[in-house]
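First the structure, in the form of structure tokens, and then the observations on it.
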Amino acid sequence: MHPVKLFCWHFMAYPYLPEDFDEKYDTGWVTVPNSLWNREKAKGLYQEYIDQLVYADELGFDGMVLNEHHQNIYGLMPSPNMIAAALSQRTKNGKIVVLGNILPMHLNPLRIAEEYAMLDCMSGGRLIAGFAVGGGPEAFNYDVPSPRARRQFWEAIDLIVKTWTDDGPFVHEGPEYPLRYVNAWPRPEQTPHPPVWVPGARSRETMENAAQRGYAYFLSSRSHGDQTRQAAEAYAATMAKYDRSYTPFDFGILLSVYVSETDEQAKIESRESIWYFLRNCLKGHLRTKGRTLTWGPGVPSTSPESWRGFLENWQFGADQLGDTRDWEDLDRRASIIVGSPETVREKLIALVELAQTGNLLIQFHFGNMSDELARKSMRLFAERVAPALRAESKDVFARDFPEMERMEPAQ
Amino acid sequence: MTGALLHAAGSDVWVESLGDGKQVVYLHGIADLHGIETEPMAFHRALAETCSVIAPAHPGCARTEEDETLESMDDVVFHYLRVFDALELDTFTLAGSSLGGWIAAEIAVRHPERIDRLALIGPTCLHVPGHPIGDVFWFAQPDDGVRFDGLRNLLFAGPRSEAGLEMIPDAKDKIEREMGKYRVFRFASLIGFKPPYLYNPRLRERLDRYGGPALILWGENDSMVPRQHADAYFDGLRQARLEVIYGCGHSLIVEAPTGIADIVGEFING
């Protein structure tokens, strides 16, 4: 039986915002002026972040997770593939998870097929290929009409996977990306192709499309609770429709962790950077104060039926993660888990059980967190949380998924 | 309910029909019937006192089927040509407000022989360098999760105008109105998000293709489509009359419903 897989996710936030950022700026996304970029202070920033991911590999994490964002302070990876290329040369064991390239933002999916194939070869077959459809900010950044993004997205994924699996040259007829000669060199090292992960925010369309193709579904929500369990169950049910058996490794969740010696110490050390992350990085994304561009009629990517479901449950002006007031409020959202190794282990095993998930994608670096504290938290996690979590998760999976014993090892 | 489903070339189109007299096809905008509003408004009812108003809902709006393959203005023009054929309209008057005005202009320059008169009420659609059309997609998301000052400011004469607050209140509106807003923005996004926003870079040079009488109505305080666009229409169309409505913003049919209906009705029957 496989234990839960533990990944280290780095967002690469911009850490040098002025102290009055929240008062002065209505968003950290799209229009946040890049005159705030401090060239002097930012020297060596990417190096520091890449080194932290290399450290994660040394500590024995199952992989490193990267993603794509543009024109914002939340994540400085317009091209996650460049960071992945660097990691392919500096890490040895962990998977390199790019979650993902935002397909509708790119002119031609063939380029993504080529770059991912390169990364898979360069890393010795360690790539997990994630594909994302993009949200509101992305629509504004690259001027992508939202209602069209989904149809571009699934056509692009199918073309990319076919590029990896079918012998070329072949013709792709479109409609979005018609190509006469598809014949990518290189081909990926993994056969039939690198595992595909698709993030989703519980929409039925994404679950259907991912389950039908046998891809892993990654819940992009940052807060956890009953809805996380419901999403896992919905994905399991959707897989069953296509005669596939759900295992915890078909589903992943994002959460954030800070570990220190004691609960109190953990709070003292992480308070500043966590609230920098909540107030600044989430402003414009998952914060009600200011201008959130993540969803709305102006970026109408979901079907009208899905929007109706969302509207019926959504309270306009309700607090979101970025509006979190205090530790108690933070605790309630089960999004950022802060505490001693014991506290974190206890909460994470409960989350594994609740979410029925075998992939924990964990953010360790927040906003303006120092290199020293980020590494300390990662080390304490690897040494004092991960071993117990792996052992206990095996028991949970053996109890809840007994049929997994007979199945092929998860990728 | 005076509307009905019309079957036109493989899809269902929702058409509202009001009044008697000379036929006018009216293409809607955002703060409009088939947009945020579900029922005919004061403007449509007033216009129907002097004309036969035929108001189809754009693809995906009201009960008109969404066309998942739709991606360009050409697709919209062909959609409407089929609608006009199904309605057995040969030569008729075409009117449109906001993005409906854009579609009306695109149809008129392609098929001037079918349009005897053209009435454009605050149309989007031209590219006037240095004077971009307002970012209605950006401001469709509220400030602090609840306030629509930005959207009202674009669509009406100021962020707190009475007409604007009534049409787009702060916080969540009735679900059907929210859905109407979502659907009309979805349609607008398909045709008008790229290039940003709501214009066809080639239309201006084609305006002279339409030689019939044209009426251009513009709100004095339209902050969505700058006044320079009105002048560009006036210069580009061969027989245009421009009227600027004082004290109004972009949504003339909401801000001055009976006054606009009178001017448009007179023009149609002129």
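Mind checking whether some residue in region A:279-292 is among the aliphatic types (A, V, I, L, M), touching a Gly at 6+ places or on another chain (Cβ under 9 Å) and within 14 Å of another protein chain (Cβ to nearest Cβ)? Yes: one or more hits.
Quick grid of which residues meet (1) assigned to a helix (DSSP H, G or I); (2) buried (at least 19 other Cβ atoms within 10 Å of the Cβ); (3) out of contact with any Phe, Trp or Tyr (no Cβ under 7 Å at 6 or more places or on another chain):
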{"position": "A:Ala85", "(1), (2), (3)": "yes, no, yes"}
{"position": "A:Pro104", "(1), (2), (3)": "yes, yes, no"}
{"position": "A:Ile112", "(1), (2), (3)": "yes, yes, yes"}
{"position": "A:Tyr116", "(1), (2), (3)": "yes, yes, yes"}
{"position": "A:Cys121", "(1), (2), (3)": "yes, no, yes"}
{"position": "A:Gly125", "(1), (2), (3)": "no, no, yes"}
{"position": "A:Ile128", "(1), (2), (3)": "no, yes, no"}
{"position": "A:Ala139", "(1), (2), (3)": "yes, yes, yes"}
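Of the helices (runs of 4 or more DSSP H) lying entirely inside region A:284-389, those containing at least 1 residues that are within 30 Å of B:Gln141 (Cβ to Cβ) and of a type in the set (S, T, N, Q) span A:304-313.
Number of residues in region B:195-230 that are surrounded by fewer than 16 Cβ atoms within 10 Å (Cβ to Cβ) and within 14 Å of chain A (Cβ to nearest Cβ) equals 3.
Set side by side, the residues B:Val244, B:Val254, B:Val225 differ, and just one is in a loop (DSSP other than H, G, I, E, B) and at pLDDT 95 or above, which is B:Val225.
Residues in region A:227-262 that are surrounded by fewer than 19 Cβ atoms within 10 Å (Cβ to Cβ) and either in contact (Cβ under 8 Å) with a residue 40 or more places away in the chain or over 21 Å from the mean Cα position of the chain (by Cα) (or both): A:Arg229, A:Glu233, A:Ala237, A:Ala240, A:Lys241, A:Tyr242, A:Asp243, A:Arg244, A:Ser245, A:Glu261, A:Thr262.
Among all positions in region A:349-368, there is no residue which is more than 21 Å from the chain's Cα centre (by Cα) and among the hydroxyl-bearing types (Ser, Thr, Tyr). Candidates in region B:173-183 are the residues that are more than 8 Å from every other protein chain (Cβ to nearest Cβ) and not in a loop (DSSP other than H, G, I, E, B); of these, the one that is nearest to the chain's Cα centre (by Cα) is B:Gly180.
Of all the criteria given as (1) surrounded by fewer than 18 Cβ atoms within 10 Å (Cβ to Cβ); (2) within 14 Å of chain A (Cβ to nearest Cβ), the one not satisfied by B:Leu70 is (1).
If we scan region B:83-105, do we find a residue that is crowded, with 22+ Cβ neighbours inside 10 Å, free of Cβ contacts under 8 Å to residues at least 60 places away in the same chain and farther than 18 Å from B:Tyr199 by Cα? For region B:83-105, residues crowded, with 22+ Cβ neighbours inside 10 Å, free of Cβ contacts under 8 Å to residues at least 60 places away in the same chain and farther than 18 Å from B:Tyr199 by Cα: absent.
Do the conditions hold for A:Phe153, that is, is it aromatic (Phe, Trp, Tyr), within 14 Å of chain B (Cβ to nearest Cβ), farther than 23 Å from A:Phe218 by Cβ and assigned to a helix (DSSP H, G or I)? In short, no. Within region A:1-52, work out how many residues are in a helix (DSSP H, G or I) and in contact with a helix residue (DSSP H, G or I) (Cβ under 6 Å, 6 or more places away or on another chain). Number satisfying all stated conditions: 5. The set of residues in region A:100-141 that are small (Gly, Ala, Ser) and either more than 25 Å from A:Asn72 (Cα to Cα) or within 14 Å of another protein chain (Cβ to nearest Cβ) (or both) comprises A:Ala113, A:Ala117, A:Ser123, A:Gly124, A:Gly125, A:Gly134, A:Gly135, A:Gly136, A:Ala139.
If the condition is being out of contact with any strand residue (DSSP E or B) (no Cβ under 7 Å at 6 or more places or on another chain), part of a loop (DSSP other than H, G, I, E, B) and at pLDDT 95 or above, then region B:76-111 contributes B:Glu88, B:Ser98, B:His111.
Every residue, every condition in (1) touching a Ser or Thr at 6+ places or on another chain (Cβ under 9 Å); (2) small (Gly, Ala, Ser), yes or no:
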{"site": "A:His193", "(1), (2)": "yes, no"}
{"site": "A:Gly200", "(1), (2)": "yes, yes"}
{"site": "A:Ser203", "(1), (2)": "yes, yes"}
{"site": "A:Met207", "(1), (2)": "yes, no"}
{"site": "A:Ala210", "(1), (2)": "yes, yes"}
{"site": "A:Arg213", "(1), (2)": "no, no"}
{"site": "A:Arg222", "(1), (2)": "yes, no"}
{"site": "A:Gly225", "(1), (2)": "no, yes"}
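Cβ separations smaller than 8 Å between residues 6+ apart or across chains give the following pairs from region A:307-323 residues that are more than 9 Å from chain B (Cβ to nearest Cβ) to residues that are among the small types (Gly, Ala, Ser): A:Leu321/A:Ser223; A:Leu321/A:Ser335. Could you check, for region A:15-31, whether at least one of its residues is more than 20 Å from A:Lys283 (Cβ to Cβ), in contact with a strand residue (DSSP E or B) (Cβ under 7 Å, 6 or more places away or on another chain) and of a type in the set (D, E, K, R)? No, because not a single residue in region A:15-31 is more than 20 Å from A:Lys283 (Cβ to Cβ), in contact with a strand residue (DSSP E or B) (Cβ under 7 Å, 6 or more places away or on another chain) and of a type in the set (D, E, K, R). Looking across region B:168-194, just one residue is touching a strand residue (DSSP E or B) at 6+ places or on another chain (Cβ under 8 Å) and surrounded by 24 or more Cβ atoms within 10 Å (Cβ to Cβ), and that is B:Gly180. Among the residues of region B:148-165, how many are free of Cβ contacts under 8 Å to residues at least 60 places away in the same chain and either farther than 18 Å from A:Gly136 by Cβ or surrounded by fewer than 17 Cβ atoms within 10 Å (Cβ to Cβ) (or both)? Number of matching residues: 6. The requirement of being under 15 Å from the mean Cα position of the chain (by Cα) and either over 26 Å from A:Ser303 (Cα atoms) or polar (S, T, N, Q) (or both) is not satisfied by A:Ser273.
The values are calculated or read from the model by the stated rules, or taken from the named source; none is laboratory data. Worth saying up front: this structure is predicted, and the values here are computed from it rather than measured. For neighbour counting, all protein chains shown are included, and Cβ atoms are generated from backbone atoms with ideal geometry for every residue, glycine included.
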